[in-house]
Amino acid sequence: VQLQASGGGLVQAGGYLRLSCKPSKTIFRLDIMAWYRQAPGMQRELVAFSRDDTTADYTESVKGRFTISRDYAKNTIDLQMNSLKPEDTGVYFCNVYDYNRRTHYWGQGTQVTVSS
């Protein structure tokens, strides 16, 4: 299973970006979708996750600014990022936990750079 991430780029502080991740497998309601990020010299951290169609949570620093969503018609997992800050800079990775196979799949990462 491959995950293709897109939507990263360079943006000024206060701007927005929308990341999209498209798995090569069909996503299902019980699959857990997540976005992680890794800043230079830092460990990879969980930014947001979505479990079924009703549960989503975010790391404290992005609450109220980021929104994770899944589009079954397009088979994508998206991350809307608003009011971006320089500390949001990093490589963003999408992750899918396949509920049936009990397996994690990772995307290749997309760079997000927020200038001050």
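The values are calculated or read from the model by the stated rules, or taken from the named source; none is laboratory data. Just so it is clear, the structure is predicted and the values come from calculations on it, not from any experiment. All Cβ positions, glycine included, derive from the backbone under ideal geometry; neighbour counts span all protein chains shown. All accessible areas refer to the heavy atoms of the entire protein, side chains included, with ligands and DNA or RNA removed. Shrake-Rupley method; radii C 1.70, N 1.55, O 1.52, S 1.80 Å.
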From the residues in segment 75-101 that are of a type in the set (D, E, K, R) and at pLDDT below 95, which one is nearest to PRO23 (Cα to Cα)? ASP98
Would segment 60-76 turn up any residue that is β-branched (Val, Ile, Thr), in contact with a Ser or Thr (Cβ under 9 Å, 6 or more places away or on another chain) and touching a residue at least 24 places away in the same chain (Cβ under 8 Å)? yes
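Does TYR16 fit the bill of being open to solvent by 40 Å² or more (accessible area, probe 1.4 Å), modelled with pLDDT of 95 or more and out of contact with any helix residue (DSSP H, G or I) (no Cβ under 6 Å at 6 or more places or on another chain)?
yes
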